[in-house]
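Heads up: the structure comes next, in structure tokens.
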Amino acid sequence: MDAFYAAVEQRDRPELRARPVIVAWSDQPRSVVCAASYEARRYGVRSAMPAVRAKRLCPDGVFVRPDFIRYRAVSLQVRAILLRHTALVEPLSLDEAYLDVTEEATGLPSATETARVIRDEIRAATGLTASAGAAPNKFLAKIASDWRKPDGLFVIKPAQVDRFLAPLPVRRLPGVGGASERILAGHGITTVGELRQRERGDLRFLFGRFGDRLWELARGIDEHPVVPDQPAKQISSETTFERDVEALEVAAHLAAAAREVWDEAARRHRQPRTVTVKLRTPDFSTRTRSSTPTRSPSSAEEVAQLAVDLLPRFGFPPQARFRLAGVGVSNFLDEDLPAQGRLF
């Protein structure tokens, strides 16, 4: 879905249409942007950005408090449309999902036609636009879905994979952030085509197991299937930042991530007992810390507070910077019940 939360607000409030809309808790000091309309994005406003920075970038922006009950209702409308075409729907969040249309339920002849019809049906049912990517695997479909946003459709056919990937900057590959991009650049690698010329062992030496993944992605290889109903032991949200950030910005991100995982847990009717924070430094060192309070958290705010309270337990110096941060909830009270889909 295109700028989903902001688009719902603009649809339901005509006075917001064509205006820079920023969905965030602007009255909270650690609030981050949940979504920004395309009008706001022209000012450089992006999701997960601190709201105070968004205000500086876009002083005329209209800040709207998020209404996840309303967004979830629209998401269910969209999900019903997807399920008409295939039972293999793997949600990533309220506004994004993978579909395996190898066996298309309505008889449409190709993935391209299925994507076109689904987008038309979403617009007719919700008044909102969606962008789609059709490709041989999940990794490529994700890139394709972003290629012609908003309201776009882009197709990568199997014979086009190598030609499509080669000129892309390495940062377009999932998991490649600022730090790994700099490491690759230091070895003369700035494009996927240049990355493809390196041996698997060389990349493993630089990045450990992630080097194997980079070697595969450079060749368009992604064997991960679409999994609609895999039981989840943890619901999590993590972000690789565009630049290494300080602890204060990490705390702001954790608050937004806590809201996301809490809402997803509520959607699945699951009550977590444990909150986990994951941090990764620029040298790819990754640590986690967890907290299981005697009373289970009862709101997103409590999850956020538990997450922020875990930061001192990492023992990082005050000047430390981070390339990735995430929040997960687990140890569910209903652990023996099946989950209703994965966040990832």
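Bear in mind these aren't lab numbers, they're just calculated from the coordinates by the rules spelled out. Just so it is clear, the model here is predicted, and its values are computed rather than measured. Note that each Cβ is placed from the backbone with ideal geometry, even for glycine, and that neighbours are counted across all protein chains shown.
Quick notes
- Cα-based shape type of the stretch 213-338, given that a ≥ b ≥ c are square roots of the gyration tensor eigenvalues and the cut on a/c is 1.5: oblate
- Between residue 60 and residue 11, the simple spin-label model (points 7 angstrom out along Cα→Cβ) gives 2.7 nm.
- Cα-based shape type of the chain, given that a ≥ b ≥ c are square roots of the gyration tensor eigenvalues and the cut on a/c is 1.5: rounded
- In whole angstrom, the stretch 161-217 maps to an equivalent ellipsoid with semi-axes of 16, 13, 10, each derived as √(5λ) from the alpha carbon gyration tensor and ordered largest first.
- Sorting the segments 311-319, 205-213, 243-251 by their mean number of nearby beta carbons within 10 angstrom, highest to lowest, gives 243-251, 205-213, 311-319.
- Using θ = phi - 60° in the Karplus curve 6.51 cos²θ - 1.76 cosθ + 1.60, the 3J(HN,Hα) couplings for the stretch 147-152 round to 6, 10, 5, x, 6, x Hz; x is entered for Gly and Pro.
- Summed side-chain charge close to residue 136 - residues other than residue 136 whose Cβ falls under 13 Å, Lys, Arg +1, Asp, Glu -1: 0
- Label point 7 Å beyond Cα of residue 321 along Cβ direction - residues of the stretch 34-67 with amide nitrogen under 16 Å: none
- Taking 224, 253 and counting other C-beta atoms within 10 Å, the order from fewest to most: 224, 253
- Amide H contacts of residue 31 (H built 1.01 Å from N, under 5 Å, at least 5 apart or other chain): 51
- Ranked for footprinting exposure by Cβ neighbours inside 10 Å, fewest first, 118, 22 give 118, 22.
- The H on the amide N of residue 63, modeled in the peptide plane, is under 5 Å from the matching H of 22, each at least 5 residues off or on a different chain.
- Each Cα pair under 8 Å and six or more residues apart adds its sequence gap; the mean of these over the residue count of the stretch 185-344 is a relative contact order of 33 percent.
- Peptides 256-268, 176-188 ranked from most to least packed, by the mean per-residue count of other Cβ atoms within 10 Å: 256-268, 176-188.
- In this label model, residue 299 and residue 163 are separated by 5.7 nm, measuring between points 7 Å along each Cα→Cβ vector.
- The residues 290, 47, when put in order of fewest to most other Cβ atoms within 10 Å, stand as 290, 47.
- Label-point separation, residue 27 to residue 242 (7 Å along Cα→Cβ), nm: 2.9 nm
- For the chain, adding -39500 (n - 2.57) for each run of n ≥ 4 DSSP H residues and dividing by the number of residues yields -11500 deg cm²/dmol at 222 nm.
- The HN-Hα couplings worked out from phi for the stretch 302-314 by the Karplus form 6.51 cos²θ - 1.76 cosθ + 1.60 (θ = phi - 60°) are 5, 4, 4, 5, 4, 5, 5, 5, 6, 4, x, 6, 6 Hz, whole numbers, x standing for Gly and Pro.
- Cleavage-rule hits, GluC sites (Glu not before Pro), the stretch 24-107, DSSP coil, Cβ neighbours within 10 Å at most 16: 103
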